[in-house]
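Right, one structure below, let's go through it.
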Amino acid sequence: MINPYLPLPVRVDEIITETEDKNLKTFKLVFLNPADEERFSYQAGQFAELSIAGKGEIPIGIASSPTEKGHLMFTINKVGLVTTRMHNMNPGDIMGVRGPLGNWYPWEIMEGKNVVIIGGGFAFTTLRSSIIYMLDPANRPKFKDIHVIYGARTPGMLLYKNELAAWEKRDDIHMHITVDATDDPNWDYNVGFVPTITEQKAPSGSPDTYAIICGPPIMIKFTQPVLDNLGYDHDHIIMSLEMRMKCGIGICGRCNIGEQYVCKDGPVFTLAQLGKMPKEY
């Protein structure tokens, strides 16, 4: 039996600075033991605990897709002790990963449906995982239209710029990239907040359409009424409460909302499910 408290050893294989302020970096991690990679079977939307000996651990959404073999990917915002230590690491350094944890986006339910991905800021990590998963040649026929609405404060704060450009060129996904403001004369995409672009670009709600939202609370607050106006049922609006994560296995009791342990019952919930929970999130 695998000890759920014991992190698996991984090596930092590559570090990519994502944003112009250098506070967001993507880490590609490789398992030291091939058997650990085999056991670490995950779905797009799950998270894991990253740990550094003597510093602690942090819950982070998995940015890689289960269709991408040979590594795990996490995008880390430099905000505290553990994340600062990670930002000072170099390729070849060793750390730990524990997981996968939590539930995931309901892919079987969304098969044969249109999917609208709505993301903002550095919360785009599990959404990147989801897009890569859906665009995989083995999976793309399972879904109808895919729309992606993704925004950041400025062009320099967008994540995964090379992939965004590649997706923009495809004819089997509709990309709607936006920034809050820019004075860049070469900016060719949208300017406006994510809720506004959602109102302009998202398809209307229907039994065949699901929306996945992940972003800062203020973005979610103002996007929800937009989806209501577009006719989305609350059981077709899917959100993640990953920001509530602590230990990840329901022991510490710090993630509970009412009777729900977000780390075990979530972090993915429909808006209909959230409507039945205390407004503590």
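Tell me which residues, restricted to the range 148-200, are surrounded by fewer than 14 Cβ atoms within 10 Å (Cβ to Cβ), of a type in the set (Lys, Arg) and outside any helix (DSSP H, G or I).
Hit for the range 148-200 is ARG170, nothing else.
Mind listing just one residue for me: the one in the range 252-276 that is among the charged types (D, E, K, R) and within 21 Å of the chain's Cα centre (by Cα) and, of those, farthest from PHE47 (Cα to Cα)?
ASP265
Please enumerate the residues belonging to the range 126-139 that are within 19 Å of the chain's Cα centre (by Cα) and not small (Gly, Ala, Ser).
Scanning the range 126-139 gives THR126, LEU127, ARG128, ILE131, ILE132, TYR133, MET134, LEU135, ASP136, ASN139.
Tell me which of these GLY250 doesn't satisfy, since it passes every other one: (1) in a helix (DSSP H, G or I); (2) small (Gly, Ala, Ser); (3) under 22 Å from ILE62 (Cα atoms).
(1)
Residues in the range 59-110 that are part of a helix (DSSP H, G or I) and surrounded by 15 or more Cβ atoms within 10 Å (Cβ to Cβ): how many? Reasoning before the result, please.
Start the filter on the range 59-110 by keeping residues that are part of a helix (DSSP H, G or I), which leaves 81-87, 107-110.
Next, from what is left, pick out any that are surrounded by 15 or more Cβ atoms within 10 Å (Cβ to Cβ): 82-83, 85-87, 107, 110.
Adding up the residues that qualify gives 7.
Output the residues belonging to the range 80-97 that are within 21 Å of GLU242 (Cβ to Cβ) and out of contact with any strand residue (DSSP E or B) (no Cβ under 9 Å at 6 or more places or on another chain).
Scanning the range 80-97 gives a single hit, THR84.
Suppose we filter the range 207-221 for residues that are assigned to a helix (DSSP H, G or I), loosely packed, with under 14 Cβ neighbours inside 10 Å and not β-branched (Val, Ile, Thr); how many remain?
Start the filter on the range 207-221 by keeping residues that are assigned to a helix (DSSP H, G or I), which leaves 217-221.
With the extra rule that they be loosely packed, with under 14 Cβ neighbours inside 10 Å, the set shrinks to 217-218, 221.
Now drop any that are not not β-branched (Val, Ile, Thr), which leaves 217, 221.
The qualifying residues number 2.
For the range 222-233, give me each residue that is part of a helix (DSSP H, G or I) and either surrounded by fewer than 17 Cβ atoms within 10 Å (Cβ to Cβ) or free of Cβ contacts under 8 Å to residues at least 40 places away in the same chain (or both).
PHE222, PRO225, VAL226, LEU227, ASP228, ASN229
Name the single residue that is surrounded by the most Cβ atoms within 10 Å (Cβ to Cβ) among those in the range 234-261 being among the hydrophobic types (A, V, I, L, M, F, W, C) and over 22 Å from GLY121 (Cα atoms).
That would be CYS255.
Looking only at residues in the range 111-147 that are hydrophobic (A, V, I, L, M, F, W, C) and in contact with a His (Cβ under 9 Å, 6 or more places away or on another chain), which one is surrounded by the most Cβ atoms within 10 Å (Cβ to Cβ)? Steps first, please.
Looking only at the range 111-147, we keep the residues that are hydrophobic (A, V, I, L, M, F, W, C), and these are 115-118, 122-124, 127, 131-132, 134-135, 138, 143, 146.
Checking which are in contact with a His (Cβ under 9 Å, 6 or more places away or on another chain) leaves us with 115-118, 146.
Numbers: VAL115: 23, VAL116: 27, ILE117: 24, ILE118: 30, ILE146: 20.
Per the criteria, the residue is ILE118.
So that you can scan it fast, the table gives a plain yes or no per residue for (1) within 30 Å of ASP136 (Cα to Cα); (2) assigned by TED's automatic domain parsing to the domain that holds ILE60; (3) touching a strand residue (DSSP E or B) at 6+ places or on another chain (Cβ under 6 Å):
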| site | (1), (2), (3) |
| --- | --- |
| ILE197 | yes, no, yes |
| ILE212 | yes, no, yes |
| GLY215 | yes, no, yes |
| ASP228 | no, no, no |
| ASP233 | yes, no, no |
| GLY250 | no, no, yes |
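Say we look at the range 1-31 and pick out the residues that are aliphatic (A, V, I, L, M) and loosely packed, with under 12 Cβ neighbours inside 10 Å; which of these is nearest to MET157 (Cα to Cα)?
LEU6
Mind listing whichever residues of the range 1-44 are over 18 Å from VAL82 (Cα atoms), polar (S, T, N, Q) and under 22 Å from the mean Cα position of the chain (by Cα)?
Residues satisfying the conditions are THR19, SER41, GLN43.
Return yes or no: is LYS144 assigned by TED's automatic domain parsing to the domain that holds ALA211 and over 18 Å from GLU18 (Cα atoms)? Spell out how you get there, then give the answer.
Numbers: assigned by TED's automatic domain parsing to the domain that holds ALA211: yes; over 18 Å from GLU18 (Cα atoms): yes.
For LYS144, the condition - assigned by TED's automatic domain parsing to the domain that holds ALA211 and over 18 Å from GLU18 (Cα atoms) - is met.
All but one of (1) touching a His at 6+ places or on another chain (Cβ under 6 Å); (2) of a type in the set (Ser, Thr, Tyr); (3) not assigned by TED's automatic domain parsing to the domain that holds SER130 hold for THR270, so report the exception by its number.
It is condition (1) that THR270 fails.
Are any residues in the range 101-125 more than 16 Å from THR270 (Cβ to Cβ) and either in the same structural domain as ILE62 (by TED's automatic domain parsing) or out of contact with any helix residue (DSSP H, G or I) (no Cβ under 6 Å at 6 or more places or on another chain) (or both), and if so, which ones?
Step one: filter the range 101-125 for residues more than 16 Å from THR270 (Cβ to Cβ), giving 101, 111-112, 114, 119-125.
Answer for the range 101-125, where residues must be more than 16 Å from THR270 (Cβ to Cβ) and either in the same structural domain as ILE62 (by TED's automatic domain parsing) or out of contact with any helix residue (DSSP H, G or I) (no Cβ under 6 Å at 6 or more places or on another chain) (or both): LEU101, GLY112, ASN114, GLY121, PHE122, ALA123, PHE124, THR125.
The values are calculated or read from the model by the stated rules, or taken from the named source; none is laboratory data. Every value quoted in this text rests on a predicted model; they were computed, and no experiment measured them. Virtual Cβ from ideal backbone geometry, glycine too; neighbours counted across all protein chains shown.
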